[in-house]
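The values are calculated or read from the model by the stated rules, or taken from the named source; none is laboratory data. The model shown is predicted, which means the values in this text are computed figures rather than measured ones. Cβ placement follows ideal geometry from the backbone for every residue including glycine, while neighbour counts extend to all protein chains displayed. To get the accessible areas, we keep the full protein, side chains included, count just its heavy atoms, and leave off ligands, DNA and RNA. Shrake-Rupley method; radii C 1.70, N 1.55, O 1.52, S 1.80 Å.
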Amino acid sequence: MEIMSRLDKFLKDAETEINNTVSLKSVQELRIKYLGRKSEIVTILKGLGGIPSDLRPKIGMRANEVKSYIDKILIRREKELSNNIFNTLGDKEKIDITEPGIKNETGHLHPISRMRMEVEDIFSSMGFTIATGPEVELDYYNFEALNIPPDHPARDMQDTIWTVEGSLLRTHTSCVQIRTMEKFKPPIRVIAPGRVFRYEETDASHEHTFYQVEGLMIDKNISVSNLIAVMKTMLKSVFRRTVKVRLRPGYFPFVEPGFELDINCLICGGTGCPVCKQSGWVELLPCGLVHPNVLKAGKVDPREYSGFAFGMGLDRLVMMRYGIDDIRLFHSGDLRFLEQF
Ligand code: PHE
């Protein structure tokens with residue numbers, strides 16, 4: 001049966017050629033060659049009418065089998081090849097493997113988070129532990145226990161965002177001082193990094209939301225010189241050079257005496273620039289010796305113990321280190337800014 005062996009050969013040829021093809025484009029060409037209008041199989045199927053009627057069903061069946069089998073292997077080969085990216089290119093196209101690839105963008109930590117972790121490491125190495133407190137606070141922890149009773153004028157120093165239930169968004173991390181004394185007995189050495197909020201108009205140096213690191217050290221005979229020593233050690237590690245500091249008197253109800261600690265301007269080196277307002281000094285962190293009333297609120301006996309506290313602006317620290325002149329950039333979400341870190 002000559003026609004049957006023609007079909008077998010046709011199938012074998014098709015199978016070999018399809019399996020050896022290496023590009024999607026040539027699979028398409030083979031589909032036309034083997035199943036197209038002018039293909040041998042279509043010619044055979046069209047000519048079935050001229051075949052004696054006793055042989056017709058057998059040959060017809062076989063021809064249809066061959067046709068659908070070829071269709072199947074074409075589909076399978078097409079799938080195999082499209083799983084491989086290289087084969088979606090034409091036969092003549094080449095890949096230049098020496099060309100630089102397309103980089104996958106990955107995220108990274110925000111400069112403030114990085115600075116927070118660094119500060120945590122520095123203080124840990126000095127024996128401090130890390131404490132946290134809630135961002136939605138009670139008046140008691142944010143003000144009263146910190147020697148700021150209701151109607152005290154110092155409440156106006158920190159414009160407050162109140163909740164409808166009468167709680168508030170903490171205006172500073174000093175609340176954690178009291179929470180820590182409630183939990184632990186002296187000697188105490190903690191820092192409390194965290195987010196704080198003020199009801200404030202924003203400008204280049206003010207934000208409604210910013211970050212502080214509170215510090216508290218309580219022991220017997222703690223004095224201002226302990227405060228200065230710890231601050232100097234910390235600043236030296238953060239800025240990787242010796243930083244000059246100076247103390248000016250400052251008023252905060254929860255410390256006595258209270259200070260503003262300034263550092264020499266790292267942007268101009270102390271000669272005067274817009275960042276330090278030509279003074280050569282930058283106000284960096286308020287601090288002081290813990291007020292006896294605050295120790296009492298934390299159930300610590302002021303006749304036995306003393307301590308220092310400070311409240312450092314993390315944003316300010318990052319700004320000093322990188323020479324950033326607008327605090328609003330931190331929350332802008334602007335990738336042109338963030339990608340620089
Ligand atoms: N809590 C004060 C503020 O945010 C800073 C401060 C902390 C001052 C500790 C003295 C001691 O303004």
ask   = open to solvent by less than 20 Å² (accessible area, probe 1.4 Å) and among the small types (Gly, Ala, Ser): does that describe Gly215?
value = yes
request  = May I ask you to list the residues in the stretch 242-272 that are over 30 Å from Ala297 (Cβ atoms), touching a residue at least 24 places away in the same chain (Cβ under 8 Å) and in a loop (DSSP other than H, G, I, E, B)?
outcome  = Lys244, Leu266, Ile267, Gly270
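List the helices (runs of 4 or more DSSP H) inside the stretch 81-190, counting only whole elements, that have at least 1 residues being assigned by TED's automatic domain parsing to the domain that holds Lys296 and within 14 Å of the ligand (Cβ to nearest atom).
Once the helices (runs of 4 or more DSSP H) in the stretch 81-190 are filtered for at least 1 residues that are assigned by TED's automatic domain parsing to the domain that holds Lys296 and within 14 Å of the ligand (Cβ to nearest atom), what remains is 139-142, 175-183.
Which of the residues that make up the stretch 28-53 are touching a Ser or Thr at 6+ places or on another chain (Cβ under 9 Å), surrounded by 12 or more Cβ atoms within 10 Å (Cβ to Cβ) and closer than 18 Å to Val66 by Cβ? Break it down stepwise before answering.
Start the filter on the stretch 28-53 by keeping residues that are touching a Ser or Thr at 6+ places or on another chain (Cβ under 9 Å), which leaves 29-30, 32-33.
Going one step further and asking which of them are surrounded by 12 or more Cβ atoms within 10 Å (Cβ to Cβ), we end up with 29-30, 33.
Within the stretch 28-53, Leu30, Lys33 qualify.
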query = When you look at Pro100, is it under 30 Å from Arg198 (Cα atoms), open to solvent by 80 Å² or more (accessible area, probe 1.4 Å) and free of Cβ contacts under 8 Å to residues at least 12 places away in the same chain, yes or no?
reply = no
note = Across the stretch 270-318, the tally of residues that are out of contact with any Pro (no Cβ under 8 Å at 6 or more places or on another chain), at pLDDT 95 or above and among the hydroxyl-bearing types (Ser, Thr, Tyr) stands at 1
task = Output the residue which, of all residues in the stretch 194-243 that are in contact with a strand residue (DSSP E or B) (Cβ under 8 Å, 6 or more places away or on another chain) and among the polar types (S, T, N, Q), is farthest from Met320 (Cα to Cα).
result = Asn221
request  = Sort through Met312, Met320, Met234 and tell me the only one that's away from the ligand (no atom under 15 Å from the Cβ), outside any loop (DSSP other than H, G, I, E, B) and either over 23 Å from Met117 (Cα atoms) or in the same structural domain as Glu182 (by TED's automatic domain parsing) (or both).
outcome  = Met320
